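Trainee: Dropping the structure in here first, questions after.
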Amino acid sequence: MKTLIFRTAAPFITALMLLFSVFVLLRGHNDPGGGFIGGLIAVAAFAVQGIAFGVPVVRRALYFHPMAIAGCGLLMAAFSGVLSYAFAVPYLSGLWAAPSLFGVTVDVSTVMTFDIGVYLVVVGAITSIALSLEDREDG
Amino acid sequence: MEAVLSLLVALFFAAGIYLMLSRHLIRILLGIVLFGNAVNLLIFTNGRLTRGTPPIVPPDLMTSAGPVANPLPQALILTAIVISFSFFSFLLVVVYRAYQDLGTDDTDEMRVAEPADEAPPPMGY
Amino acid sequence: MAGEPYQVDRAQAMIASPIASADWLIVVPVVLPIICGALLLMFRHRMRIHAFIALAALALMTGANALMLRRVLADGPFSMTMGGWLPPFGISFTADVLGVSFALVGSAVAWICCLYSLCDIDRTGRRYGFYAFLMLMMAGVNGAFLTGDIFNLYVWFEVFLISSFGLLILGSEKAQIDGAVKYAILNLVATTLFLIATGYLYGTFGTLNMADLARKVGGVSETAPLMTLSALYLLAFSMKAAAFPVNFWLPASYHTPRIVTAALFGGLLTKIGIYALLRSMILIFPVERAAYSMPIAIVAGATMILGALGALAQSDLRRMVGFLVISGVGVMLSGLALGSEGGLAGMAFYALNSMVVMTALYVLAGTMRVAGAGFSLQELGGLYRARPLLAAIAFLLILAAAGLPPASGLWPKIVLVKASIGEGAGWLAASILVSGFLTTMALGRVFLLAFWRPANVSLPVVAVPSLPLAVLLLLLLPVLLVGLYPEPVIAMSVSAARGLLDPSAYIQAVFPQGGG
């Protein structure tokens, strides 16, 4: 798909979708949204980029191998459960903290780190599959 | 409402199973998609339907004001969707590879692992 | 949310008391492999450390399972419910003798397989993530054995299935892709049936916690939906265990991957189907199982006889072992058909024995290929003269697989035969013995052709590396030890069967106050 219109529009679409995916991820705790759906939107963004510029460009832009990203997410999700050992609550209990950064109270929780982990797992694993399918199409 | 959805589930199952009985892998794949969605709909209907009340707590309250739809089937379905999605995407890659490497999507012709002309073991020596 | 005054009474939904550190043992066999699998995925290019991380993790998992087994044998089942929610709202992990003994033997076998993989998995295999997939599969396997929630069991089924696909197509040979397509589609159908049944179960009871189900199911007067539900579970798990009419995915795929993968699959995966059958049919649907006992007995008999006949017809060693796995599943199902304490104890014991023996048979096939000329009985020969140690090991393993003394396979068969005669099912006892005879014939022929027959081609002069032999000896050791001194394992199996037949301790562990 090497049309001029698509190649011009693709970077903007990708950037917008990535931004939106993070928005959906962070919105997920109290409203519809979350790691899985956010991750899928991000994968769609990478897939669009891949269709426009070819798979090698996406792989270079990602820098890390997609499966390494998935592994990182898995580690994050698992460790946000392990943290509850220190507080003598069951595995995967939600732990909350509200540190004040520059006068603004930010709610941080293990629920959120778990969700970010899910986001990374989805981004890594599905991007890896999507890219390998796109790869074959060219070759 | 449950009766209508039950009919829809039955329709999905019928179409899914019909497609899965085909010899061609691509139809089997489409059948699997329909089959999976039929199951999701089935779980959803099994959780009893409550219309128009999403199980979301309003921002200014600590619990929801009135009765809400059962959130558990929705959580189960979400899990099932995630799993069947990853399963399906894996299957897609494998089937595509099978089509490229074996040169066919007809399951009757896929005899590489179990050759039809394999000799029986020797009867003695 | 944080910081605001909380007006809701949390004591009705949340666990208030702190959790003892000892209870954390139950998540170790699941969380540890997930963490290690994640690390291996992240450091996929540091291929040197992969095997060592995997070996260390599997050793720790085995240790954790052993500690848990000691605890459940001494104090009875214990449980932990995730996320601080009270059961049945949260997902419970419940350790009882049955689950923990399966998890322990499974982890130990996986550790030995990982040792064998040092000589079976080359650089390409490591780059494609053999050890990462192995870790994730073991997380799924242990999760399936330890979970106390039936939907969670479905999730762990899918976890180990998806990782097993990764292991199956490692190498991307044509036969592997062919086998993987059939394995994947048929297993997907099985797990989807499982999911359908679970959906109906939720619709009927409004709960998915196994302990909660076990105490609610007795109060249901209308049994017609339960008969349908248990039939669905029976079909789904029999498919996973490769019982006769739905076993065709196993001989189509298990001979295609690397030997170490085949050994893991043959040892562990069908046993999870057996475990799930025990859990669902005995703990949740005891009345329905009794009603189905005749069909189960017929399936069991057909599976063990046809599996052994299938093994007789194969000339490829790996395919033959695949059929022997199926035959063993039939023997285990006969215990389910009986449903008595002896039958269930024999079933659990035979499953544990089969985990070790089937893995050993695959490893043996791999070693014979290295020592001889291939996997085919047409070509193998002269191994007795060339490799006496291998011949001795093979002889003992053949005795173990056929259920002859002095190996461990004898005792569960004795328990099962005794139980079936006690229940008045003499024909089931006879079919267990006939299948043992057919297995002896199939494996005896292997010994005859591959070991005693003079070599028709000159054997390759390569020395057999000592690692496979050491692995085989390591697998043979428990088989012989248990064969000579079976009392502790029999006592453990009986205690596992008692825990299933009388679930009050299991329910007590999940609901200590009796509430929920």
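Each value in this text was obtained by applying a stated rule to the coordinates, not by laboratory testing. As the structure is a prediction and not an experimental result, all values here were calculated from the model. Note that we place each Cβ from the backbone using ideal geometry, even for glycine, and neighbour counts take in every protein chain shown.
Trainee: Expressed as a whole number of Å, what is the distance separating the alpha-carbon centroids of region C:51-100 and region B:82-125?
Mentor: 37
Trainee: Between C:L309 and B:I17, what's the calculated FRET efficiency when r is the beta-carbon distance and R0 is 25 Å? Round to 0.05. Don't skip to the answer; put the middle values down first.
Mentor: Numbers: r = 31 Å, r/R0 = 1.23.
The formula returns an efficiency of 0.25 here.
Trainee: Taking the Cα centre of region C:141-260 as the origin, how large is its charge dipole in debye, to the nearest 20, when only Lys and Arg (+1) and Asp and Glu (-1) carry charge on their Cβ atoms?
Mentor: Using only the charged Cβ atoms, the result is roughly 160 debye.
Trainee: Which residue, chosen from C:A429, C:G374, C:A392, occupies the Cα position most advanced towards the positive end of the dipole of region C:292-506, where the dipole is computed from +1 (Lys, Arg) and -1 (Asp, Glu) charges on Cβ about the Cα centre?
Mentor: C:G374
Trainee: Within region A:33-54, whose backbone N sits under 14 Å from a point 7 Å along Cα→Cβ of A:F6?
Mentor: So the set is A:47-54.
Trainee: Counting helices only, and only those DSSP H runs with n ≥ 4, report the 222 nm mean residue ellipticity of chain C as the sum of -39,500 (n - 2.57) divided by its residues, in deg cm²/dmol to the nearest 500.
Mentor: On the way: 23 runs with 358 residues, N = 516.
Helix contribution divided over all residues of chain C: -23000 deg cm²/dmol.
Trainee: Positive end of the charge dipole of chain C (Lys, Arg +1 and Asp, Glu -1 on Cβ, about the Cα centre): tell me which of C:L324, C:G148, C:V446 has its Cα farthest that way.
Mentor: The listed residue farthest towards the positive side: C:V446.
Trainee: Restricting to DSSP H runs of at least four residues, report the calculated mean residue ellipticity at 222 nm for chain B, -39500 (n - 2.57) per run over all residues, nearest 500 deg cm²/dmol.
Mentor: Counting only the DSSP helices, I get -20500 deg cm²/dmol.
Trainee: Could you work out how far helix A:66-82 tilts from the main Cα principal axis of chain A, as a 0 to 90 degree angle to the nearest 10?
Mentor: Once rounded, the angle reads 10 degrees.
Trainee: Putting +1 on Lys and Arg Cβ atoms and -1 on Asp and Glu Cβ atoms, find which of C:A95, C:G218, C:L115 reaches farthest to the positive end of the dipole of region C:88-224.
Mentor: Of C:A95, C:G218, C:L115, it is C:L115.
Trainee: List the relative contact order of chain A as a percent without decimals, with contacts defined as Cα pairs under 8 Å and 6+ residues apart.
Mentor: 29
Trainee: Quick one: which residues, 5 or more positions from C:A373 or on another chain, have an amide H under 5 Å from its amide H? H modelled 1.01 Å from N in the peptide plane, none for Pro or chain starts.
Mentor: For C:A373, whose amide H was placed from the backbone, the distant partners under 5 Å are C:G381.
Trainee: Which of the residue pairs C:K216/C:K418; C:K271/C:K413; C:K182/C:K413; C:K216/C:K240; C:K182/C:K240 have a Cα-Cα distance greater than 25 Å in the structure shown?
Mentor: Flagged as over cut-off: C:K216/C:K418; C:K182/C:K413; C:K216/C:K240.
Trainee: Normalising by the residue count of region A:58-109, find the relative contact order in percent from Cα pairs under 8 Å and 6+ residues apart.
Mentor: After rounding, I find 18 percent.
Trainee: C:F78's amide H: which non-local residues (gap 5+, or another chain) put their own amide H closer than 5 Å, with H modeled 1.01 Å from N in plane and none for Pro or chain starts?
Mentor: It is C:A95, by chain and number.
Trainee: Further question: Using only atoms on other chains, find how many Cβ atoms lie within 10 Å of each Cβ of peptide A:100-109 and report the average.
Mentor: Whole-number average of other-chain Cβ neighbours for A:100-109 is 1.
Trainee: Something else now. Give the angle, between 0 and 90 degrees and rounded to the nearest 10, that separates the Cα long axis of helix C:97-120 from the longest principal axis of the Cα atoms of chain C.
Mentor: Between the helix axis and the principal axis of chain C, the angle is about 40 degrees.
Trainee: Report the calculated FRET efficiency for C:L433 and C:R369 (r = Cβ-Cβ distance, R0 = 25 Å), to the nearest 0.05.
Mentor: On the way: r = 32 Å, r/R0 = 1.28.
With R0 = 25 Å, the Cβ-Cβ based efficiency is 0.20.
Trainee: Please list, in order, the residues from region A:13-33 whose amide nitrogen is less than 15 Å from a point placed 7 Å along the Cα→Cβ vector of B:V68.
Mentor: The answer is A:28-33.
Trainee: What aspartates and glutamates could a cross-link reach from A:K2, if we take a straight Cα to Cα line under 18 Å and drop same-chain neighbours fewer than 8 places away?
Mentor: A:E134, A:D135, A:E137, A:D138
Trainee: If you put +1 on each Lys and Arg Cβ and -1 on each Asp and Glu Cβ, how big is the dipole of region C:210-341 around its Cα centre, in Debye rounded to 20?
Mentor: Dipole size: approximately 320 debye.
Trainee: Related question: Over chain C, what is the mean sequence separation of C-alpha contacts under 8 Å (at least six apart), divided by residue count, expressed as relative contact order in percent? Let's see the in-between values first.
Mentor: Numbers: 857 pairs, mean separation 80.7, N = 516.
Once divided by the residue count of chain C, the mean separation gives 16 percent.
Trainee: Dipole size in debye (nearest 20) for the protein assembly as shown around its Cα centre, Lys and Arg Cβ +1, Asp and Glu Cβ -1?
Mentor: Numbers: 40 positive and 37 negative charges, 279 e Å.
It works out to roughly 1340 debye.
Trainee: Then there is this: Would you mind getting me the FRET efficiency between A:A88 and B:E109? Use the beta-carbon distance for r and R0 = 45 Å, nearest 0.05.
Mentor: 0.15
Trainee: Cα axis of helix C:150-168 to longest principal axis of chain C: angle in degrees, 0 to 90, nearest 10?
Mentor: Value to nearest ten degrees: 30.
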